[in-house]
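A quick write-up on the structure given underneath.
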Amino acid sequence: MRCLVTGAAGFIGSHLCGRLVAEGDEVVGFDNLSEGAKENLAGSPEVDLVEGDLRNEEEVASAAAGCDVLFHQAAVRSVPRSMEMPGLTTDANVRGTLNVLLAAKQESARVVFASSSSVYGDAESFPLREDMVPLPRSPYAASKLTGEIYCATWWRAFNVPAISLRYFNVYGPRQDPANEYATVVPRFILACLNGDRPIVHGDGEQARDFTYIDDTVEANVLAARAGQEAFGRALNVGGGRQPTSINAILAKIADLTSATPKPEHTDERPGDVRLTEADISMATSYIGYRPKVSVDEGLDRTVMWFGDHFGTKEAG
Ligand SMILES: NC(=O)c1ccc[n+]([C@@H]2O[C@H](COP(=O)([O-])OP(=O)(O)OC[C@H]3O[C@@H](n4cnc5c(N)ncnc54)[C@H](O)[C@@H]3O)[C@@H](O)[C@H]2O)c1
């Protein structure tokens, strides 16, 4: 199978590339390197990385030539960034997704689209199910919901087999800890390894459905093989366990790094939600998704990796 992975130099895209190469697929990567880095693909030299921008229809079409599946992972990710730069988020995430769908139609290819649990916003009941009305609270969430609607429409209007996967707080090795929009797991690990004070937004009791990267990658591979009943759908891809609070994540990371961090509490971030918890039964029935990695196991593997790459202290 020949595949395009947009966002190939990013966290999730690079892991997906590694998995596809290991399965013997021919992989074209596409990334503008605005966030991702070529080094993320160092372990997968077989990937043909094309530097291009999602917002450019011709660049996307040319990278997709001859592909059977387009795994669309590239996006301007981050809720806070979208609150500050809604135009950039919308251009990349909405127009960019349209460009991927146009290419898919041209190539008669399938699309697997990286959506997000953020589409639910602050729901009133849990766990979150796909039949709930989405209530996006940020331009980022709105852009992901719009991407899902385009995917479903391209299936109904043009027979493009497209499946959206709503990721829930993905974490694992290679996640970027450095920039101001970094997510909580790599930020906490780096703070604990360096003896810095981790920043906790709000009281830290907000909880998330954390999903280990290998499970997210598996969902993509399953979606690429799924039957017609999955086309046009948006499916929850969560960790399959109880949500974990931010305070509990910090405590587990502190334990794994033998650190005694003193968190600095700041205001809640605008656009952040209180709880995410996925009902994954639809993903199980439509694509056979069954997450395997617990938060304890996933954090152990992640801390180990960060210890090897950034660490001053022994992991474990
Ligand atoms: N990490 C999570 O917890 C999470 C949760 C929900 C959804 N998602 C979605 O999963 C996908 C991958 O996320 P990630 O965590 O790997 O993020 P990431 O930032 O590591 O990867 C995104 C990649 O897209 C690239 N990119 C951004 N704008 C581009 C453009 N205009 N043209 C070409 N490339 C561009 C970046 O350079 C980067 O390499 C994104 O669509 C994100 O919205 C991630």
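Rule-based calculations on the coordinates, nothing more; no lab input. Please read all numbers here as calculations on a predicted model, not as lab measurements. Cβ placement follows ideal geometry from the backbone for every residue including glycine, while neighbour counts extend to all protein chains displayed.
Take each peptide in 187-196, 51-60, count the other Cβ atoms within 10 Å of every residue, and average; sorted highest first, the result is 187-196, 51-60. The phi-based Karplus calculation (6.51 cos²θ - 1.76 cosθ + 1.60; θ = phi - 60°) puts the 3J(HN,Hα) values of the range 128-143 at 6, 10, 5, 8, 6, 6, x, 9, x, 10, 8, x, 4, 4, 5, 5 Hz, whole numbers, x for Gly and Pro.
Sequentially through the range 231-243, phi angles give Karplus couplings (6.51, -1.76, 1.60; θ = phi - 60°) of 5, x, 9, 10, 10, 6, 10, x, x, x, 10, 5, x Hz, Gly and Pro residues having no value and appearing as x.
Look at Asp31, Asp308 and count the other Cβ atoms within 10 Å of each Cβ; fewest to most, that gives Asp308, Asp31.
For the options Ala64, Ala123, Ala74, a Gaussian network treatment of the chain with springs between C-alpha atoms closer than 10 Å singles out Ala123 as fluctuating the most. Derived scalar couplings between HN and Hα for the range 256-263 equal 5, 9, 6, 9, 10, x, 10, x Hz in order, rounded to whole Hz, by the Karplus curve 6.51 cos²θ - 1.76 cosθ + 1.60 (θ = phi - 60°), x for Gly and Pro.
A straight Cα-to-Cα reach below 22 Å connects Lys292 with the lysines Lys252, residues fewer than 8 places away in its own chain not being considered. Starting from the Cα of Leu135, move 7 Å in the Cα-to-Cβ direction to define the label point; list residues of the range 194-213 whose amide nitrogen is under 19 Å from there. What the label zone holds, given the 19 Å backbone N cut-off, is 206-209. In this structure the amide hydrogen of Leu128, modeled in the peptide plane, comes within under 5 Å of the amide hydrogens of Glu277, Ala278, Asp279, none closer than 5 places in sequence on its chain.
Counting Lys and Arg as +1 and Asp and Glu as -1 over every other residue whose Cβ lies under 11 Å from the Cβ of Asp91, the net charge comes to +1. Between the helical axis of 295-310 and the longest alpha-carbon principal axis of the chain there is an angle of about 80 degrees.
Under a cut-off of 22 Å between alpha-carbon atoms, report the lysines in cross-link reach of Lys144, not counting same-chain residues fewer than 8 places apart. Here the lysines satisfying the reach criterion relative to Lys144 are Lys105. From the square roots a ≥ b ≥ c of the eigenvalues of the alpha-carbon gyration tensor of the range 237-316, which class results: rounded (a/c under 1.5), prolate (a/b over b/c), or oblate? Note, shape of the range 237-316 comes out oblate.
Tell me the angle of helix 11-22 to the major Cα principal axis of the chain, expressed in degrees between 0 and 90 and rounded to the nearest ten. Tilt of helix 11-22: around 60 degrees. Here's how it looks for Val200: its modeled amide H is under 5 Å from those of Glu264, His265, Thr266, which are all 5 or more places away or on a different chain.
Helix 96-107 and the longest principal axis of the C-alpha atoms of the chain enclose an angle of approximately 40°. The listed peptides 287-294, 125-132, 100-107, ordered by packing as a protection proxy, come out as 100-107, 287-294, 125-132 (highest mean of other Cβ atoms within 10 Å first).
Subtracting the Cα-Cα distance of Gln106 and Ser258 from 0.36 nm times their residue separation leaves 49.4 nm of extension gain. Under 5 Å between amide hydrogens, built in the peptide plane, is the criterion, and for Val111 it picks out Leu70, Ala162, Ile163 among residues at least 5 positions away or on other chains.
Site pair Leu33 and Ala61 shows an inter-label distance of 2.6 nm when each label is modelled 7 Å from Cα along Cα→Cβ.
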